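Participant: Have a look at the structure that comes next, please.
The values are calculated or read from the model by the stated rules, or taken from the named source; none is laboratory data. Being a predicted model, the structure only gives us computed values, none of them experimental. Ideal geometry is used to build each Cβ from the backbone, glycine not excepted, and the neighbour counts take in all protein chains shown.
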Amino acid sequence: MPDEQRVPKPASTQGYAEQAEALIPQYEAIPFVKRHEAELHLLPTAPSRILDIGAGTGVDAAWFAEQAHSVLAVEPTAEFLTAAMRLHPSPLIEWLDDTLPGLERVLSRGQRFDVVMLSAVWMHLDETERSAGMPKLASLLAPGGLILLSLRHGPIPAGRRMFEVSGEETIELARQHGLEVVLNTLTGSLQPGNLAADVTWTRLAFRRGG
Ligand SMILES: C[S@@+](CC[C@H](N)C(=O)[O-])C[C@H]1O[C@@H](n2cnc3c(N)ncnc32)[C@H](O)[C@@H]1O
């Protein structure tokens with residue numbers, strides 16, 4: 001993609017371009033059903049519209065496409081986006097360079113989604129960005145749609161920008177935008193480096209309250 005068409009790289013992506021070469025195989029190594037075991041039961045089975053924000057190498061987007069879902073995969077780190085398009089070519093995946101919290105390119109399309117996924121992304125945003133981002137996520141949900149969001153807890157990898165964000169804070173922020181929590185569970189890590197560092201994950205799911 002020509003540079004003039006790229007969105008400015010947000011501070012939240014700090015460290016990813018430099019570390020992409022090492023991270024790509026790590027992200028690709030763990031299958032979707034293991035990474036997302038806690039929320040599998042909530043996923044739609046009929047072909048649905050998925051928005052994967054901070055899609056990384058596209059490993060989750062690829063799984064959704066294999067299940068016949070159509071996916072808009074959003075990723076601001078050029079090194080990941082390029083790798084994702086090469087590793088997971090699929091007519092069911094559309095790739096987009098865009099960023100939280102604004103999501104201007106996504107919102108300009110006027111689409112709504114059955115699943116909005118933010119796997120290991122939300123804790124890269126500071127408090128102001130999280131407050132600005134949550135109403136955007138809520139507005140992108142189709143009726144009955146689901147937001148899946150995971151939060152990393154533990155030591156911050158060198159060179160990255162991350163915040164300690166609690167499940168409780170995220171549930172309260174979501175509630176303020178009409179979202180009801182339907183999953184709140186703590187899991188361990190699967191990636192060897194994170195496992196060794198005792199990293200844990202809060203896995204949340206939200207639906208619009210009635
Ligand atoms: C830990 S990786 C997770 C990648 C993928 N979701 C996964 O689970 O394998 C975090 C991702 O969030 C992306 N990211 C960071 N800041 C972002 C922002 N402001 N908007 C969208 N994505 C962002 C990074 O570029 C990176 O791909």
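Participant: In the list A65, A55, A20, A61, which residue meets the criterion of being touching a Ser or Thr at 6+ places or on another chain (Cβ under 6 Å), surrounded by 15 or more Cβ atoms within 10 Å (Cβ to Cβ) and aliphatic (A, V, I, L, M)? Steps first, answer last, please.
Facilitator: Details: A55 fails: touching a Ser or Thr at 6+ places or on another chain (Cβ under 6 Å); A20 fails: touching a Ser or Thr at 6+ places or on another chain (Cβ under 6 Å); A61 fails: touching a Ser or Thr at 6+ places or on another chain (Cβ under 6 Å).
So the residue among A65, A55, A20, A61 that is touching a Ser or Thr at 6+ places or on another chain (Cβ under 6 Å), surrounded by 15 or more Cβ atoms within 10 Å (Cβ to Cβ) and aliphatic (A, V, I, L, M) is A65.
Participant: Related question: Could you figure out which of (1) of a type in the set (D, E); (2) surrounded by fewer than 22 Cβ atoms within 10 Å (Cβ to Cβ); (3) under 23 Å from T202 (Cβ atoms) isn't true of E104?
Facilitator: E104 satisfies all of (1) of a type in the set (D, E); (2) surrounded by fewer than 22 Cβ atoms within 10 Å (Cβ to Cβ); (3) under 23 Å from T202 (Cβ atoms) except (3).
Participant: So, of the residues in region 161-177 that are surrounded by fewer than 16 Cβ atoms within 10 Å (Cβ to Cβ) and in a loop (DSSP other than H, G, I, E, B), which turns out to be farthest from the chain's Cα centre (by Cα)?
Facilitator: It comes out as Q176.
Participant: So, one more: Conditions first: (1) more than 27 Å from P44 (Cβ to Cβ); (2) within 16 Å of the ligand (Cβ to nearest atom). E169 passes all but one, so which condition is the exception?
Facilitator: Every listed condition holds for E169 apart from (2).
Participant: Taking A73 as the residue in question, decide whether it is closer than 20 Å to G145 by Cβ, at pLDDT 95 or above, of a type in the set (A, V, I, L, M) and out of contact with any helix residue (DSSP H, G or I) (no Cβ under 9 Å at 6 or more places or on another chain). Even if it seems obvious, please write down each step before you answer.
Facilitator: Numbers: closer than 20 Å to G145 by Cβ: yes; at pLDDT 95 or above: yes; of a type in the set (A, V, I, L, M): yes; out of contact with any helix residue (DSSP H, G or I) (no Cβ under 9 Å at 6 or more places or on another chain): no.
Against the criterion (closer than 20 Å to G145 by Cβ, at pLDDT 95 or above, of a type in the set (A, V, I, L, M) and out of contact with any helix residue (DSSP H, G or I) (no Cβ under 9 Å at 6 or more places or on another chain)), A73 does not qualify.
Participant: Continuing with the same structure: Any idea how many residues of region 105-152 are within 11 Å of the ligand (Cβ to nearest atom) and in a loop (DSSP other than H, G, I, E, B)?
Facilitator: Summing the residues that are within 11 Å of the ligand (Cβ to nearest atom) and in a loop (DSSP other than H, G, I, E, B) in region 105-152 gives 5.
Participant: What pairs come up if the first residue lies in region 124-147 and is more than 16 Å from L204 (Cβ to Cβ), the second is surrounded by 15 or more Cβ atoms within 10 Å (Cβ to Cβ) and of a type in the set (D, E), and their beta carbons are under 6 Å apart, counting only those six or more places apart or on different chains?
Facilitator: A142/D114
Participant: Quick one: in region 68-99, of everything that is surrounded by 16 or more Cβ atoms within 10 Å (Cβ to Cβ) and charged (D, E, K, R), which residue is nearest to H124 (Cα to Cα)?
Facilitator: Taking the candidates together, the pick is E75.
Participant: Residues that are more than 9 Å from the ligand (Cβ to nearest atom) and closer than 24 Å to F163 by Cα: which strands (runs of 3 or more DSSP E) entirely in region 1-97 hold 1 or more of them?
Facilitator: Numbers: elements: 49-53, 70-74, 93-96.
In region 1-97, the matching strands (runs of 3 or more DSSP E) lie at 49-53, 70-74.
Participant: For region 178-209, what are the residues that are of a type in the set (G, A, S) and crowded, with 18+ Cβ neighbours inside 10 Å? Can you show your working first?
Facilitator: Residues of region 178-209 that are of a type in the set (G, A, S), as a first pass: 178, 188-189, 193, 196-197, 205, 209.
Correct list: S189, A205.
Participant: Checking L125 against (1) over 19 Å from L51 (Cα atoms); (2) under 17 Å from the mean Cα position of the chain (by Cα), which test does it fail?
Facilitator: (1)
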